[in-house]
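Chemist: Got a structure for you, written out below as structure tokens; questions coming shortly.
Derivation of every value follows stated rules applied to the coordinates shown; laboratory data play no part. Owing to the predicted nature of the structure, the values given are computational and were not obtained by experimental measurement. Backbone-built Cβ (ideal geometry, glycine too); neighbour counts: all protein chains shown.
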Amino acid sequence: MDIELLNAISEMIAKNNDILRQEINGLRQEMQQNNDNLHQEINGLRQEMKQNNDSLHQKINGLRQEMLEDHNRLFNQFSALVEEKVTKEIRLIAENHASLVRNINDRAPISDLKEVRGDLQTVSENLIKHRERIEKLESEVKALKKAN
């Protein structure tokens with residue numbers, strides 16, 4: 001009886017072992033399939049990231065080119081402005097400077113001005129005397145007109 005019981009238990013354990021092996025094999029296959037699916041998904045994401053990366057590089061290169069063109073355009077505009085306005089202004093300043101230098105060179109020397117200062121003082125004094133005399137004569141004329 002003990003042998004029969006042991007044989008029966010042994011058969012049950014063997015059946016349970018078979019069932020467990022089948023379940024384990026099924027789980028292994030399922031895990032392998034999940035693993036394969038994950039690898040495919042990862043590879044797909046890698047490919048998508050590479051495409052996005054390439055697209056971003058193209059956009060960056062396009063923006064870099066646009067910025068370079070804008071820089072060149074602005075530099076050319078600035079150069080034209082400098083050429084047109086600043087150079088013209090510098091030329092005018094140089095011409096006016098030359099004219100001022102000629103005028104300064106054509107002026108009388110300071111020693112001549114010192115000699116003229118005395119004459120100018122005499123003229124100023126005489127002008128004051130003449131103005132006073134004219135004012136006196138005008139008041140006399142007014143008085144005579146009133147008297148007549």
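Chemist: State the extension gain, in nm to one decimal, for the chain segment bounded by E89 and I104, taking 0.36 nm per residue of separation less the distance between their alpha-carbons.
Modeler: 3.2 nm
Chemist: Give the lysines whose C-alpha is closer than 17 Å to that of K59, dropping any in the same chain fewer than 8 places away, or say none.
Modeler: K50
Chemist: Mean 1/r over all different Cα pairs, inverted: what Kirkwood radius does the stretch 1-126 give, in Å?
Modeler: 26.5
Chemist: With +1 on each Lys and Arg Cβ and -1 on each Asp and Glu Cβ, and nothing else charged, work out how big the dipole of the chain is about its Cα centre, in Debye to the nearest 20.
Modeler: 2200
Chemist: Once you wrap a convex hull around the alpha carbon atoms of the stretch 39-88, what is its projected area averaged over all directions, in nm²?
Modeler: That works out to 3.1 nm².
Chemist: Could you state the angle between the C-alpha long axis of helix 87-106 and the longest principal axis of the C-alpha atoms of the chain, as a value from 0 to 90 degrees rounded to the nearest 10?
Modeler: Value to nearest ten degrees: 20.
Chemist: Could you name the lysines in cross-link range of K145, using Cα to Cα under 17 Å and dropping any fewer than eight places away on the same chain?
Modeler: Straight-line reach from K145, under 17 Å: K136.
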